[in-house]
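Read through the structure below, which is laid out as structure tokens, and then see the notes.
FYI, it's all coordinate maths here, none of it is from the lab. In this text, all values refer to a predicted model and were calculated from it rather than measured experimentally. Here Cβ is always computed from backbone atoms with ideal geometry, including for glycine, and neighbour counts include all displayed protein chains.
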Amino acid sequence: MSAIDWGIIGVYLVWIVWDGIRLSRDTGKLEGYFLASKSLPWWAVGLSVMATQLSAITMVSSTGQGYADGVGLLQQYYALPIAMIIIAVTFVPFFRNANVYTAYEYLERRFDAKTRFATALLFLFSRGMATGVVISAPAVVLSVMLGADVTIVCLLLAVPTAVYTMYGGVQAVAWTDVKQMYLIVFGLGAACVTLIAGLPGEVSVNDALNIAGNAGRLQAFNFSTDPSVRFTFWTGTLGALFLFLSYFGTDQSQVQRFLTAKSVDEARTSLFMSAYWKIPLQALVMIIGVLMFVFYLFTPPPMLFNTVHDERVRQSARAGEYASLEQTFSGVVGERGAAARGLADAERVGDAAAIAATKAAFLDAEQRVKDVRAQAVALVKDVTGDNSYNDVNYVFPTYIVTQMPVGLIGLLMAAIFAAAMSTIAGELSALSTSTVMDFYRRWVRPEADDAHLLVVSRAAMLFWALFASVVAIWAVELGSLIEVVNRFGSFFYGSILGVFLLAIGWSRCNATGAFVGLIAGMFVVALVTINTSIAFLWHNLIGAVVVFVVGMIVSEVTGARKANG
Amino acid sequence: MTTMQRTYVRVVIVWIGTLAALYVFQWFYTS
């Protein structure tokens, strides 16, 4: 990378810290620090919600999945608009009218202290771990791309974020999220334009999409009813519906956002920004992956995108085997490129027989490319011992660094930093809020004044920043990045949602029913995870249903009562 | 019907339109 690109990253890091501090108001009061004095406009809250949800994992891993498998992952987001309507009708007015700082505070009013304690503890554990993954995902990839140590990159992500979040609280988070969201969308748009401009002159966008379609990369709908298939229309609309209800409706990192809006209706409107724009934005991310696939049909790709692993294998005792694979790879990539050009020509002419013949040749060559890459990845795992190595996470950063012009490289890298930092900041703020309000003020110092609690809040944020950084290093060993985050969540999300559904939707539910239901839900999800191959998005639905049913039964058996909250 | 209820209907209409557009896109480039 050139000095100009490094300079852009440096300017971004300094500017975002300064901007976060500059725009913070009323941070001497608890309500200002945690809830922005309920003063933020709907559009800022909406952009902040989207920025927190769109992490660097989305930019790095989802584009890679688009490259390798196509747009199927998009189905995971299909239920989001419906989830937003349900949340706007149910959760938003409940939390706003309850005048709470955290979602879990509401559960104590509705049930009892132990239910609040359990759900808040689950949130701290799962979100603390997930924040580590949110740091490690881009850090691992960026360290290879920037040629820097992974620990240094982790610190480059965590330290500036912790500084402005500690200083300005949720206001700093929201206002920096707005700027970061602009940068991310601009970066994705620039990548898309660069990819289209990089196609050979005779290959139009229409040709590129035809080729991608023939390669099975544009399957946005899979109606398979096999519960072990990860991304289908059904997991996306039913399983993911429960994930989104839990994440956007009960997770403190999101609930805190709509608590900062000026009114109930502004909070609702902020959520609808995601309802309108999340699927198109995610489609743009996936299409970038697909366009990279087409781009690398005509521009020879590296056999492996991780240059560090590539170099290690070249220096190892199995270098000869690797060189042989590379030679084979070079040959089949050439054949695949020629077949792709033939397919584009045949599609343009509309000759059905020629299309069928060239498509068969193209798919055959594509399969051989995949086979060689699979062998190369297996070789890397043998040589390096990195069994969780997933080469697709390096595709987009490699494209940025090797194919984009100077200036845009720095901008795109800054956009990846922005995506990571906006998510980390939101999580740190929520973790700190829950630590202070659900634990410290509730159990340790109920009489503490704002000044004291603000000191504790900043200390809690520092603790969680350190905790997440340590987890980040450990998470590197855990495998495919996007799944790791979702798996952490899916273990608890459905069950926590079930407790809130009982609180809001079943007035006869008592505290014992809610607590036993929560335990039962987590237990069943654990059993399902360990003993079956059911796709993880279904775990949310299973957890929520088990908690709700067990909660109802236990409440009736132990003496149901009318809700008092 | 309140303004917010009309907004809910609009979200559903846009949602159905988005999914329909994606389906047509898939059909156009894969059939």
Among the residues of the stretch A:190-230, how many are assigned to a loop (DSSP other than H, G, I, E, B), in contact (Cβ under 8 Å) with a residue 60 or more places away in the chain and within 14 Å of chain B (Cβ to nearest Cβ)?
8
Does the stretch A:26-42 include one or more residues that are within 30 Å of A:Val140 (Cα to Cα) and surrounded by 19 or more Cβ atoms within 10 Å (Cβ to Cβ)?
no
Out of all the residues in the stretch A:319-342, is one or more within 14 Å of chain B (Cβ to nearest Cβ), in contact (Cβ under 8 Å) with a residue 24 or more places away in the chain and either within 30 Å of A:Pro41 (Cα to Cα) or surrounded by fewer than 23 Cβ atoms within 10 Å (Cβ to Cβ) (or both)?
no
When residues of chain B are limited to those that are over 18 Å from A:Gly72 (Cβ atoms) and part of a loop (DSSP other than H, G, I, E, B), the one farthest from the other protein chains (Cβ to nearest Cβ)
B:Met1
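Of all the residues that make up the stretch A:256-298, how many are in a loop (DSSP other than H, G, I, E, B) and out of contact with any Leu (no Cβ under 9 Å at 6 or more places or on another chain)?
Matching residues across the stretch A:256-298 total 1.
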Against the condition closer than 22 Å to A:Val71 by Cα and in contact with a Pro (Cβ under 7 Å, 6 or more places away or on another chain), how does A:Phe293 come out, does it pass?
no
Check A:Leu284, A:Leu243 and return the single one that is under 19 Å from the mean Cα position of the chain (by Cα) and within 14 Å of chain B (Cβ to nearest Cβ).
A:Leu284
Could you give me the residue pairs with C-beta distances under 8 Å whose first residue belongs to the stretch A:498-515 and is surrounded by fewer than 24 Cβ atoms within 10 Å (Cβ to Cβ), whose second residue is part of a loop (DSSP other than H, G, I, E, B) and of a type in the set (Ser, Thr, Tyr) wherever it lies, and which are 6+ apart or on separate chains?
A:Ile504/A:Thr90; A:Gly505/A:Thr90
Please list, ordered by first then second residue, the pairs with beta carbon atoms under 6 Å, 6 or more apart or interchain, first in the stretch A:9-35 and over 18 Å from A:Met181 (Cβ atoms), second of a type in the set (Phe, Trp, Tyr).
A:Ile21/A:Tyr164; A:Ile21/A:Tyr167; A:Thr27/A:Tyr33; A:Phe34/A:Tyr101
Which one of A:Gly249, A:Gly236 is in a helix (DSSP H, G or I), closer than 30 Å to A:Tyr296 by Cα and either under 19 Å from the mean Cα position of the chain (by Cα) or touching a residue at least 24 places away in the same chain (Cβ under 8 Å) (or both)?
A:Gly236
Please enumerate the residues belonging to the stretch A:88-117 that are assigned to a loop (DSSP other than H, G, I, E, B) and either within 14 Å of chain B (Cβ to nearest Cβ) or in contact (Cβ under 8 Å) with a residue 24 or more places away in the chain (or both).
A:Thr90, A:Val100, A:Tyr101, A:Thr102, A:Phe111, A:Asp112
Looking at A:Ser126, is it crowded, with 24+ Cβ neighbours inside 10 Å, within 30 Å of A:Trp538 (Cα to Cα) and of a type in the set (S, T, N, Q)?
no
How many residues does the stretch A:152-169 contain that are surrounded by fewer than 22 Cβ atoms within 10 Å (Cβ to Cβ), among the hydroxyl-bearing types (Ser, Thr, Tyr) and under 21 Å from the mean Cα position of the chain (by Cα)?
0
